[in-house]
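A quick write-up on the structure given underneath.
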Amino acid sequence: WVEVTMTDRFKLVADGSIDLECGASAITLSRMKSVDFSAMTWIDSGTFLIRRGQSIKRMADLAGKKVAVFKGASTERALRDALLAQTLAEGQVLTQIVLVKDRQEGTVALETGAVAALAGDRTILASFARKARDPEKFALADFQFMYEPYGLPLRRNDADFKFAVNSVLANLYQGGEILKIYKSWFGDLTPPPLLESLYDLNGLRD
């Protein structure tokens with residue numbers, strides 16, 4: 001096991017320092033320039049973690065507020081694109097993006113009021129709230145601004161290794177073992193929409 005960060009994970013795959021990165025890594029075209037990806041492992045939506053009692057139902061509700069997002073995550077670019085689209089559609093939207101390095105920095109900023117929201121993938125944000133000292137302080141926003149397909153980054157031009165990885169994933173998916181793994185980590189948290197369909201579609205057979 002080799003510890004990686006949000007900023008060096010793809011570089012370490014590309015230069016051969018690690019064979020496979022196991023984390024919440026979204027599949028994007030720009031990342032495919034340096035790494036390949038396994039079959040999809042997860043699909044989630046981008047939304048916001050907020051303090052309970054707040055209401056954020058559209059991007060315009062963030063006007064004039066600070067929003068934290070993890071530096072180097074695909075969510076950062078998607079959030080900037082969503083804010084740009086909002087600006088083009090409705091005029092100037094003065095939302096300030098605050099880059100944070102990890103869960104602790106982001107949730108502390110939200111809890112103390114330094115930011116009005118923390119952007120991220122819905123399931124990850126839900127897990128942050130559940131692990132907080134006082135989970136009742138937090139809530140998820142009522143809308144999504146993106147969808148995120150995840151995969152396992154691996155080196156390019158290695159068809160045999162990619163086949164080995166996808167074979168293991170397919171066996172987990174078609175046998176239902178993946179749902180046991182989900183339950184062991186997320187308990188009774190409702191799976192993201194389309195997740196079970198993703199497993200059905202990627203449960204390839206011999």
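The values are calculated or read from the model by the stated rules, or taken from the named source; none is laboratory data. Since the model is a prediction, treat every value here as computed from it, not as a measurement. When we count neighbours, we look across all protein chains shown, and the Cβ atoms used for this are built from the backbone with ideal geometry, even at glycine. In case anyone asks, the SASA skips ligands and DNA or RNA and just uses the protein heavy atoms, side chains included. Shrake-Rupley method; radii C 1.70, N 1.55, O 1.52, S 1.80 Å.
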From the set of residues in the stretch 144-174 that are open to solvent by less than 30 Å² (accessible area, probe 1.4 Å) and part of a loop (DSSP other than H, G, I, E, B), which is farthest from residue 201 (Cα to Cα)? 152
Of the numbered conditions (1) open to solvent by 30 Å² or more (accessible area, probe 1.4 Å); (2) within 19 Å of the chain's Cα centre (by Cα); (3) not hydroxyl-bearing (Ser, Thr, Tyr), residue 39 fails exactly one; give the number of that condition. (1)
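Results for (1) open to solvent by 20 Å² or more (accessible area, probe 1.4 Å); (2) free of Cβ contacts under 8 Å to residues at least 40 places away in the same chain; (3) assigned to a helix (DSSP H, G or I), shown as yes or no for each residue.
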site	(1), (2), (3)
77	yes, yes, yes
80	yes, yes, yes
84	yes, yes, yes
87	yes, yes, yes
99	yes, yes, no
111	yes, no, yes
125	no, no, yes
Test set (1) closer than 30 Å to residue 163 by Cβ; (2) surrounded by 12 or more Cβ atoms within 10 Å (Cβ to Cβ) - residue 63 fails condition number: (1)
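Determine whether residue 59 is within 25 Å of residue 155 (Cα to Cα), of a type outside the set (Gly, Ala, Ser) and in contact (Cβ under 8 Å) with a residue 40 or more places away in the chain. Spell out how you get there, then give the answer.
Details: within 25 Å of residue 155 (Cα to Cα): no; of a type outside the set (Gly, Ala, Ser): yes; in contact (Cβ under 8 Å) with a residue 40 or more places away in the chain: yes.
Spelling it out, it is not the case that residue 59 is within 25 Å of residue 155 (Cα to Cα), of a type outside the set (Gly, Ala, Ser) and in contact (Cβ under 8 Å) with a residue 40 or more places away in the chain.
Hey, among the residues in the stretch 175-192 that are small (Gly, Ala, Ser) and not in a helix (DSSP H, G or I), which one's nearest to residue 125 (Cα to Cα)?
The initial filter retains those residues of the stretch 175-192 that are small (Gly, Ala, Ser), namely 175-176, 184, 187.
Okay, now just the ones that are also not in a helix (DSSP H, G or I), so 175-176, 187.
On the way: 175: 29, 176: 25, 187: 15 Å.
The residue in question is 187.
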Across (1) within 28 Å of residue 198 (Cβ to Cβ); (2) without any contact (Cβ under 8 Å) to a residue 40 or more places away in the chain; (3) outside any loop (DSSP other than H, G, I, E, B), residue 4 clears everything bar (3)
Are any of the residues in the stretch 175-186 surrounded by 15 or more Cβ atoms within 10 Å (Cβ to Cβ) and either in contact with a Pro (Cβ under 7 Å, 6 or more places away or on another chain) or among the small types (Gly, Ala, Ser) (or both)? yes
